[in-house]
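To keep things clear, I will list the structure first and then write my remarks on it.
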Amino acid sequence: MPKFRGKHYYLGAWNYVLLDILYMIPGVGLIFLLVHSFSEKNENRRHYARSYFVRLLMAIVILGVAAGLYYLIAGSDAFSDLLKKITDQYKNLFDAGKTIDNSML
């Protein structure tokens, strides 16, 4: 199968894997995702970046709905306790000499 140059250049399997890894990097991945989504250089990469962006937005919406349902079902006290535990875990990650408490797992 010929690989056309220019706008319709085919992406191989490793290109998709490397793009996935690139898009997973916090901050930098989002910038590359937006740049590739609006780039006119390669149509296949542009379509893949847009589909990745849609999947990311769908995951955020689903997690938001799940958090909202948890808040409605469990009540505000349980939800605030869970958020406090999560934020405390992330604070502990950045403190020197502390480890993650596995009691939540």
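Quick note: the coordinates plus some simple rules give every number you see, no bench work behind them. These figures come from a predicted structure and were not determined experimentally.
Taking 0.36 nm per residue of separation and subtracting the Cα-Cα distance, full extension of the segment from Ala13 to Ala74 would add 17.6 nm. Near Tyr9, the amide H atoms lying under 5 Å from its own belong to Glu43, Asn44; only residues 5 or more places off or on other chains count, and H is placed 1.01 Å from N.
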